[in-house]
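A short write-up of the structure that comes next.
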Amino acid sequence: MNTIKAKMNDEELINQHSNLNKSIKLEPSLGSLIFQGRPLNDHATKEGLQKLLEANKKGNYDPISLNHGIKRLQIYPFKDLVWGHPNIIHKINFEDEIINTLESSSNEIKPEAMAVINDLKKFPDSDTLTNPDGLWSYFPFYNKDGSPIKFAHEVCPIISKIISKLDLNCVMGFAFLSALSKKTKIQAHCGSTSLRKRYHYGITVPDGRKCKIRIGNKSIFWEENKAFSFYDAVEHEVDNDSDELRLLLIFDVWSDGIPVSIKEYLKKDSTILKYGIVPSQ
């Protein structure tokens, strides 16, 4: 590692550690957030700073974050889950107000989604998570920083109206149309955070029960105009064994169980979620 760059990164990371302590002082409940398997209160200690700088010196990066162009240091050994909270209980749900809204809007949602099918682009994890002949594509409604993509909301006004009224977690999540080409499998993996609850809504699903998702030990076959929610922090894998395209609307809301004080703080200031990210030089 270039010595000058390392020193610049160290200075930036020391500032991150200082700001982490300031944030916890302003809102003590933030200390209970789990980052890379440890409470933020642990990361905020002198030992936590030492571990942060050691990871930078070794160039230890989280490989999943790298898929999205993010150089996040892997400070402690952890399995998949980057951010979490002990209050969150992972559940699968097939009925709630959001699901009812989606399922009562099929006549409006499907035409909008099909109209932008040619605007789909390859999902960042497609090459690493799908089979060699597979393709995972998407049409996003928000940028990485959580700001809305104007074109997407203009061409899909009904979808925009539905999701804009929700308690979306665009700070740590997504809202997008998700397409799986024929014979595409997404290998078993876990989402990076349990602070988001994910909704799946079937727009175009081939017949024959050939499209499914396994969440933990439960398999679910998608159906057109049917929705459910789950926590993608739980290991899951996806299979489109048909000869046709499978298209879903997917979006994330804030998880049940997150203390309101934490959620409201992160909505206003999500800086601590960049903890451990090394700036590009």
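Of TYR275, TYR231, which residue is within 27 Å of GLY134 (Cα to Cα), surrounded by 20 or more Cβ atoms within 10 Å (Cβ to Cβ) and not charged (D, E, K, R)? Walk me through it before giving the result.
Values: TYR275 fails: within 27 Å of GLY134 (Cα to Cα).
Residue meeting the stated conditions: TYR231.
Taking the condition surrounded by 14 or more Cβ atoms within 10 Å (Cβ to Cβ) and closer than 19 Å to TRP254 by Cα, does THR101 pass? Working first, answer last.
On the way: surrounded by 14 or more Cβ atoms within 10 Å (Cβ to Cβ): yes; closer than 19 Å to TRP254 by Cα: yes.
Considered against the rule, which asks whether it is surrounded by 14 or more Cβ atoms within 10 Å (Cβ to Cβ) and closer than 19 Å to TRP254 by Cα, THR101 comes out as yes.
The set of residues from the range 203-233 being out of contact with any Gly (no Cβ under 7 Å at 6 or more places or on another chain), assigned to a loop (DSSP other than H, G, I, E, B) and either of a type in the set (Gly, Ala, Ser) or closer than 19 Å to SER181 by Cβ (or both) comprises VAL205, PRO206, ASP207, GLY208, ARG209, LYS210, GLY216. In a residue-by-residue description of the range 183-192, the property of being surrounded by fewer than 20 Cβ atoms within 10 Å (Cβ to Cβ) and over 27 Å from GLN36 (Cβ atoms) applies to at least one position. In a residue-by-residue description of the range 254-268, the property of being part of a strand (DSSP E or B), under 23 Å from GLU103 (Cβ atoms) and modelled with pLDDT of 95 or more applies to at least one position.
Among the residues of the range 63-80, count how many are closer than 15 Å to HIS43 by Cβ, among the hydrophobic types (A, V, I, L, M, F, W, C) and surrounded by fewer than 18 Cβ atoms within 10 Å (Cβ to Cβ). Break it down stepwise before answering.
From the range 63-80, those closer than 15 Å to HIS43 by Cβ are 72-78; that's our starting set.
Imposing the further condition that a residue be among the hydrophobic types (A, V, I, L, M, F, W, C) reduces the set to 73, 75, 78.
Still in the running and surrounded by fewer than 18 Cβ atoms within 10 Å (Cβ to Cβ): 78.
The number of residues fulfilling the criteria is 1.
The values are calculated or read from the model by the stated rules, or taken from the named source; none is laboratory data. Since the structure is predicted, the reported quantities are computational estimates derived from the model, not experimental observations. We place every Cβ from the backbone using ideal geometry, glycine too, and count neighbours over all the protein chains shown.
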